[in-house]
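Novice: Mind looking over this structure? Questions follow.
The values are calculated or read from the model by the stated rules, or taken from the named source; none is laboratory data. Every value quoted in this text rests on a predicted model; they were computed, and no experiment measured them. Neighbour counts run over all protein chains shown; Cβ positions are idealised from the backbone, glycine included. Ligands, DNA and RNA are excluded from the accessible area calculation, which covers all protein heavy atoms including side chains. Shrake-Rupley method; radii C 1.70, N 1.55, O 1.52, S 1.80 Å.
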Amino acid sequence: RRAMERNEFSLSYQPKISLLNQQLVGAEALIRWTHPTLGEVPPEHFIALAEENGMILQIGDWVLEQACMQMYEWNKIYQPFGALSVNLAGAQLRQPKLLARIEQLLANYRLAPECLQLEITENFIMSQAEEALAVLYRLKRLGVQLAIDDFGTGYSSLSYLKRLPLDILKIDQSFVRGLPDDTHDGAIVRAIIALGRSMQLTVIAEGVETPEQQQFLADEGCEQIQGYIVSLPLRPEEFSSKFLRTTVSDFSDSTPAKPPL
């Protein structure tokens, strides 16, 4: 609670890259907590606690607004680079005012709905089946992109999965870690990619760290990756200087725009 009051939270941004052309296709907004005495507190140490004590609603709303605000600032200076993805907690999806809040943020920061991608964990979607379905369809009608996060770690019913209005299937990093040598990880990743492609979903793998993992994913038809092989999560100014290209019309002296990646 004090972290919110003292403005100790910040967002970092991890780029997502296309395996087809190595171009930037989006980024994920990730919360960071810099404690005055403990230093950097990893999200896995405080998100679960925030979910238990109800603070996740306040934190989640703050993340959504900060991400939209950052996208608005980047849009004023840089060329479009794809969608910015934000993780939504299960408690947020249960909020009756979620849809109105997202509409308000998109309007306030003049963002097209497709600029925002919402990541929802597989476990929540599967544990709240009918309730989640209704909310996801309302969000889909709004025009935002929907991703199922940590795919493969829950207990998906394939008959239910086909009813979900999803755009993106995100392979959990626990399966990527053993690639390409672990035969079980390889089999699971191949199956997820095949499933995603057959359902016309974009498949992205997270936690990609080595050229061998990247090559395996590319060979199997995975379309996008994020992970340390591309970049650590970066502060906004680092992300923009490294990955974003300035809009050419902003130059009055014919200075060239930043080259592509």
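Novice: Tally the residues that are without any contact (Cβ under 8 Å) to a residue 24 or more places away in the chain and either surrounded by 13 or more Cβ atoms within 10 Å (Cβ to Cβ) or within 18 Å of L136 (Cβ to Cβ) (or both), restricting the search to the stretch 176-190.
Specialist: Of the residues in that region, 3 qualify.
Novice: Take the stretch 28-72 and flag every residue that is touching a residue at least 60 places away in the same chain (Cβ under 8 Å), open to solvent by 50 Å² or more (accessible area, probe 1.4 Å) and within 16 Å of L111 (Cα to Cα).
Specialist: Keep residues of the stretch 28-72 that are touching a residue at least 60 places away in the same chain (Cβ under 8 Å), which gives 28, 30, 32, 70.
When the remaining residues are screened for being open to solvent by 50 Å² or more (accessible area, probe 1.4 Å), the result is 32.
Once the filter is applied, which keeps residues that are touching a residue at least 60 places away in the same chain (Cβ under 8 Å), open to solvent by 50 Å² or more (accessible area, probe 1.4 Å) and within 16 Å of L111 (Cα to Cα), the stretch 28-72 yields nothing.
Novice: If T121 satisfies every condition in (1) open to solvent by less than 20 Å² (accessible area, probe 1.4 Å); (2) modelled with pLDDT under 95; (3) among the β-branched types (V, I, T) but one, which is the exception?
Specialist: (1)
Novice: Only residues in the stretch 121-146 that are closer than 19 Å to Q104 by Cβ and touching a residue at least 40 places away in the same chain (Cβ under 8 Å) count as the first member; pair them with residues that are surrounded by 17 or more Cβ atoms within 10 Å (Cβ to Cβ) and hydrophobic (A, V, I, L, M, F, W, C), Cβ under 6 angstrom, at least 6 apart or cross-chain, and list the lot.
Specialist: V135/L93; V144/L116; V144/L118; Q145/A83
Novice: Any residue in the stretch 86-97 that is in contact (Cβ under 8 Å) with a residue 60 or more places away in the chain and more than 20 Å from R163 (Cβ to Cβ)?
Specialist: For the stretch 86-97, residues in contact (Cβ under 8 Å) with a residue 60 or more places away in the chain and more than 20 Å from R163 (Cβ to Cβ): present.
Residues are listed down the side, and each one gets a yes or a no for (1) at negative phi; (2) part of a helix (DSSP H, G or I); (3) modelled with pLDDT of 90 or more:
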residue: S156; (1), (2), (3): yes, no, no
residue: K170; (1), (2), (3): yes, no, yes
residue: D181; (1), (2), (3): yes, no, yes
residue: G186; (1), (2), (3): yes, yes, yes
residue: A191; (1), (2), (3): yes, yes, yes
residue: Q200; (1), (2), (3): no, no, yes
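Novice: If you check L105 against the conditions, is it within 28 Å of F243 (Cβ to Cβ), of a type outside the set (D, E, K, R) and not in a strand (DSSP E or B)? Reasoning before the result, please.
Specialist: Working: within 28 Å of F243 (Cβ to Cβ): yes; of a type outside the set (D, E, K, R): yes; not in a strand (DSSP E or B): yes.
Considered against the rule, which asks whether it is within 28 Å of F243 (Cβ to Cβ), of a type outside the set (D, E, K, R) and not in a strand (DSSP E or B), L105 comes out as yes.
Novice: Can you confirm whether L166 is assigned to a loop (DSSP other than H, G, I, E, B), open to solvent by less than 60 Å² (accessible area, probe 1.4 Å), more than 20 Å from M199 (Cα to Cα) and out of contact with any Asp or Glu (no Cβ under 6 Å at 6 or more places or on another chain)?
Specialist: On the way: assigned to a loop (DSSP other than H, G, I, E, B): yes; open to solvent by less than 60 Å² (accessible area, probe 1.4 Å): yes; more than 20 Å from M199 (Cα to Cα): no; out of contact with any Asp or Glu (no Cβ under 6 Å at 6 or more places or on another chain): yes.
When the stated conditions are applied, L166 does not pass them.
Novice: If we scan the stretch 220-235, do we find a residue that is modelled with pLDDT of 95 or more, part of a helix (DSSP H, G or I), open to solvent by less than 70 Å² (accessible area, probe 1.4 Å) and not acidic (D, E)?
Specialist: No, the stretch 220-235 contains no residue that is modelled with pLDDT of 95 or more, part of a helix (DSSP H, G or I), open to solvent by less than 70 Å² (accessible area, probe 1.4 Å) and not acidic (D, E).
Novice: When residues of the stretch 188-212 are filtered for being over 20 Å from the mean Cα position of the chain (by Cα) and closer than 15 Å to S18 by Cα, how many remain?
Specialist: Matching residues across the stretch 188-212 total 1.
Novice: Among the residues that make up the stretch 79-94, is at least one of them aromatic (F, W, Y), in contact with a Pro (Cβ under 9 Å, 6 or more places away or on another chain), surrounded by 13 or more Cβ atoms within 10 Å (Cβ to Cβ) and under 23 Å from Q226 (Cβ atoms)?
Specialist: Pass one, the stretch 79-94, residues aromatic (F, W, Y): 81.
Adding the requirement that they be in contact with a Pro (Cβ under 9 Å, 6 or more places away or on another chain) leaves 81.
When the remaining residues are screened for being surrounded by 13 or more Cβ atoms within 10 Å (Cβ to Cβ), the result is 81.
Those left that are additionally under 23 Å from Q226 (Cβ atoms): 81.
Yes, the conditions are met somewhere in the stretch 79-94.
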